[in-house]
Each structure stands twice: as structure tokens, then as C-alpha cells.
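Structure record follows, encoded as C-alpha cells.
Just so it is clear, none of the values below were taken in a lab; they were calculated from the coordinates. It should be emphasised that the depicted structure is a prediction, and the values quoted were computed from it without experimental measurement. All Cβ positions, glycine included, derive from the backbone under ideal geometry; neighbour counts span all protein chains shown.
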Amino acid sequence: MNNYIEIKNLYKIFGNNATEALSLVKEGISKEELLEKTNCVLGLNNINLDIRKGKIHVIMGLSGSGKSTLIRHLNRLIEPTFGEVMINGVNVLKLSNKELLEYRQKNMSMVFQKFALFPHKTVLENINYGLMVQKIKEEIYLEKSQFWLKRVGLEGYDNYYPNQLSGGMQQRVGLARALATDAEILLMDEAFSALDPLIRAEMQDVLIDLQLELKKTIVFITHDLDEALKIGERISILRDGSVVQDDSPQKIILNPADDYVSDFIKDINRSRVIKAKSIMTKSISIKKETVPIIDGEMVLEEVLQQITKTNHYFVLVKDSKNKIIGKITLKELLKGIQRPRQEIKKYA
Amino acid sequence: MEWLIKFPEMDRDGLREFKKTVDNAFTSFSRNYGEGIENFFDPLLSFLIAFEKLFLNTPWPITIFAILSICWLASRSILIVAGTFLSFLLIGYFGMWEDTMSTLAIILVATLLCICIGIPIGIAMARSNKVQTLILPILDVMQTIPSFVYLIPVVMLLGIGKVPGLIAVCIYAIPPIVRLTNLGIRLVDKDILEAAESFGANYWQKLLGVQIPLALPTIFAGVNQTIMMALAMVVIASMIGVQGLGLPVLRAISNQYLALGLMNGLAIVVLAIIFDRVTQRIGKRMQKYKSD
């Protein structure tokens, strides 16, 4: 398949007696019991995850759910207790130290929550750090880092030091530093969480815009659902070190796997997230000239606007090739916007 | 009940034998190996002598000009340069020029030696907790043991002269630079180190490209402290044959010459202040990237 990164049966246990603790975890002991019995902390519990090439895969969870631990297993900043991480057919956990360094240099780069720029290096020196580590010739890397400096919109800031820049600008440098190595995989550890909301939205747009062109495999960690829905092409929800649900954003909202996930999504604005094609009834037979036809990618809020402009009680849905693929009635539309009943019971 | 009043000590003969054994063992050690060890330090001696000669034989206007230039390049402060100029004029006028040059030479050589030995030790300590647990108590001993005590074996081994003096100064002055190098490297932000690692930097790339540059202000505080302690030790080291400002101070103590003691003592103070201000300025300028 198109799976670029495959994580299989991955366990991480922090503590001195990890091997003993591992067998207990495999028997199904809970996190609290494990801590009490062996003084070990369960970081990741049997993670199985496939990440596709060229997509933005969001890993979401509250703090302590193990998402930062998980992402650090991909470049082995943290060593696992048990399991396998295959990236493009290479088992990352079997690499020797030397191979690992080269792997990190060529195949993946990382953007950090607190930017983690080198304070003693200028913006340009920061951007070319990854290339300098690879001992690439200076004239080549200077050209490349100049290109990325421009690409993230920081032209002219070459010789500034990181602390002379605002948070948003600093993270642009962080992004440029990660992109400059041309690595296929981009790991983003809560990359925008430290920014204020307006700048965060702006950076999300920068990322989406870059991704349209670059088609990198991006693993994006966040605790912010709105962010996950905005940029994620697939979302994995993590809780206490296990994956609770791994699905497309639309499916996560429409079919949450358990109470934890429903709890997570209860406050989002459904009409702005759910797309027309997710709630339509599939049918291709109907064809009426007067009925408005809308794009399947349209969110429900916009569909509502279209419907209220006319006197009809339903709209037709077309796909990107202008083919009619289904219809949505007003009732279906309102149902889609409404929170699922079980939740209303629970939180009323 | 006598054992409660009087501490149950080793009997006299035993104690005498014990001291004798230790003394004899060390005497025979120094007889057998003293010459070899002395030869080992010969390059150091020639270096020190060459340095001292350079200072003493250069015409004083050139020396002053060189010192002032270094002060300016290091501190970029007119005030410090003017103060240094005035101080050296006064030192020369009161007849302490040659002693000051000798002291300057030994301080500079001692500091260089401490940097060359101390920084690698500090780096090793920062890299491994085991090395740190091993070295820290040794540093504690070096800093607290009365300096007269380790003068004894040094003199027994190497006799009286410049090299034993230099070694005594270094033993006294090296702990701060080792400690602060270790501390500076350990204090480097873990996130930044992780970033370097994520780009595949190896140990040396991390050390030379990230850890040492970020630790440099702290390391420099260590250099500053090392120089200060070396200056403090110069007077004591003059007891075992180190030339310079310490010697007249020693003479002044034994003969109760108030003026001589004060003049030379103040010259040491002046040197200390100049060294301190200049090195502090360098340390501050290293952190330029922190301010905007």
C-alpha cells in the first residue's frame, strides 16, 4: 500500500525495570497499577499506526497522552521498549548509531513547540544548520537557505538573532530550518501551540500552502482539535499511550469511537467542519435543473446558505468532476449540524 | 572512665612510625622519580622563562601600548583603557615595573595552563555523571586544603623555583574553570540540544557547535575566577621562589615594612581589577545575541 511509515506493536515504558513491566503491560495491567507495582510509567501502549506518503497525519491527545513520546520514536530521540518502526521499508530501530545520524540528516527533520532555535546563530545560520551538519559545501547550502528564508517570508532577516524576532517569525525560521534539508518526512511537535491564535492560524495557512506544493509526509502533533481538523488529512487520537481512534477527520466527528473521543469533539462548530459529501444520501438518478447543485467539499454552513436562498427543501451534491453523486435534504442538514443524541443526554 | 575524658589515640611510637613511613616513602619516591618529573616540566619552564623575558626585555612604552590595545580590543571601553594606562604609569613610577611584569607573565602562563587542562576536564564531567562524581570531591579538596600543605610535596619533588610555584598556583586556581565549564555545558537548554540531535548532529558537532558556544559566557566566568585566584596565590607562591610582586610583600611582612607591603599589595589589587573588568566585558560581549 501507500504506507510510508508503519508503527507496529510499539511499547515505551519509562523506568528501571522496563522488561519486567513490559510483560505486565502485555497482560493488560492498567497505567496506575503499573506505577504502583513496578514504579514504571507507561508511555506508549501497543501502538499500531500507518502513515501515508505525502499526507498530513495529525496525532492528537491531551498532555500526558504520549504524543510527544510517539513522535520522538520516529527519529529515535527516544528508544522504544519494544516494537517496530518501519519507514519506507527501513526498520529505524535496527539502525546503528552512525546510520541513525545519517538517517536523521537525510530523511526527516523536526519542528519544535518552543522553536528550539540556536540563540547564538543568526536566522540564516539556523536555517542552514541541517545542511551544515551534513558537511555540504557552503555555496550550495547558502543558496538553499536563502531560498527557504524567502519562501517562509523572512527575506532580509538573514543576520537577525532569533530573540530579535517575534514568536511567529521564530517558528517560520524553525519551519525553514526543517524544510531546508529536503527531508521527505517532517515531524512537527506541537509546532504552533506556543503561538497566539491569529499567528497560529496564519502559520497553519503557511503550512497548508507549502504542503500543496511540497507533498511531504508530515506527522503533526497537537492538542488542539480545531487545528487537527483544519490541517489533518487523517487524525489519530491518543489516550494514555494508546490509539483510541485513527480515521479521517469527517469520520471522527460523525462516528466517534468512544466517549473519550465524543468528549473531545463536543465543543467544535460542526457546521463549519462537516462536509456535504459526508452526510449526503448517495443517489445519481435525480436530475432537476432548478435545484441548486453544490460541491461535495462544501461545509454545512455554506450548504445552509445555498438552501435558504431558494425555495427547495434539498440540494444536489456534485464531486470534483461535476458529476452528481447525491442529495441532502434540509432535515439531513439540520441533523448533521445537531450534536448526536447520546451526547445531548449526557451533557444536558 | 579515663577513656571517656581522653580520646583513645594511637600510641606515640606507632604514630611516629606511621609518619616516618609516609615521609620516607615520599622521599624515596622523589629521589627516584624527582629528576624525571622535573625533566617532564622542562618545556613548561622554558615557556615560562621565555614569556617572562619577553615582558621584561620589551621597552616599556611598547609593553604599555600592547596591554592597552588588548584592553581596548577585549573591552571596547575607554574608561577601562584609561584606568589601565594610569595604573601602569603609577606602578612604573613607584619602581614596581619589573616585578609586575614577572607577575603578569606567571599569571598568564598559569591561566593558559588552567584553561588547557581545566576545560577538557569540565567537558568530560558534563558528558558523564560518573566522571562528575569522581572529580567533584577532588575539586573540593583542592579548594579547601590549606595551600601551605600541598606546597610541601611540590617542593620535595621539584625543589624551589618557578615550576613548583607555577604548579602550586595552578592547583589553587584550576577548580573554578573546571566547575563552571561543567555547569555551563549542563545548563544548555535540552530543547536546543534535541533540535541539534534531530538534524543528525554527532557528539562533536553538538559539543563544538551548540554546547560550548552557549556555555561560553559561563566558561568565561570560570576563566575570570581562575585569574583572580591565581593572583591571590602569587604571594604564597613567592615563598617557594616565584618572582614578582609577591616577593616584596613577603619581605615586607618579615621586616615590617608598611610602605613596601602596601605598594606591592595595591599593585596586585590593581592587576586583579584590570583582569576582572576586561574579562567580564569579554563575557558580556559573548552574550550579545541575548540583547537586541
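When only alpha carbons are used to place a centre, the stretch A:246-285 and the stretch B:87-153 end up 70 Å from one another. Calculate the FRET efficiency for B:Lys19 and B:Arg76 from the Cβ-Cβ distance with a Förster distance of 56 Å, rounded to the nearest 0.05. It comes to 0.50. The helix-only estimate of mean residue ellipticity at 222 nm for chain A, built from DSSP H runs of length n ≥ 4 each weighted as -39500 (n - 2.57), is -11500 deg cm²/dmol after division by the residue total. Kirkwood Rh over alpha-carbon pairs of chain B, then Stokes-Einstein at 37 °C and 0.692 mPa s: what D in µm² s⁻¹, rounded to an integer? Here the translational diffusion coefficient equals 151 µm²/s. In chain A, the convex hull through the Cα atoms has an average projected area of 22.1 nm², a quarter of its surface area. Mean per-residue shielding of peptide A:107-119 is 4, counting Cβ atoms of other chains within 10 Å of each Cβ. With a Förster radius of 45 Å applied to the C-beta separation of B:Arg251 and B:Leu112, the computed FRET efficiency comes to 0.95. Taking other C-beta atoms within 10 angstrom as a stand-in for reagent exposure, B:Asp276, B:Asp13 fall in the order B:Asp13, B:Asp276, fewest first. B:Ala50 to B:Lys6: FRET efficiency via 1/(1 + (r/R0)^6), r the Cβ-Cβ distance, R0 45 Å, to the nearest 0.05? Using R0 = 45 Å, I get an efficiency of 0.15. Near A:Lys67, once Lys and Arg are set to +1 and Asp and Glu to -1 for all other residues with Cβ below 14 Å from its Cβ, the sum equals -3. Given their separation in residues at 0.36 nm each and the Cα-Cα distance between them, A:Asn16 and A:Ile268 gain 86.6 nm when the chain is fully extended.
Taking 0.890 mPa s as the viscosity and 25 °C as the temperature, the Stokes-Einstein diffusion coefficient of the protein assembly as shown based on its alpha-carbon Kirkwood radius rounds to 80 µm²/s. Along chain B, counting only trypsin sites (Lys or Arg not before Pro) with a DSSP assignment other than H, G, I, E or B and at most 12 other Cβ atoms inside a 10 Å radius, the longest segment between sites is B:77-292. Each label was represented as a point 7 Å from its Cα along the Cα-to-Cβ direction; for B:Asp191 and B:Leu68 these points are 4.8 nm apart.
The Cα atoms of the stretch B:1-126 define a convex hull whose projected area, averaged across directions, is 16.4 nm². The mean number of Cβ atoms from other chains found within 10 Å of a Cβ in peptide A:120-131 is 3, as a whole number. Cβ under 10 Å from A:Glu184's Cβ, A:Glu184 left aside: what net charge do those residues give with Lys, Arg +1 and Asp, Glu -1? Charge balance near A:Glu184 sits at +3. The Cβ shell under 13 Å around A:Ser193 holds other residues with a net charge of -3, Lys and Arg each +1, Asp and Glu each -1.
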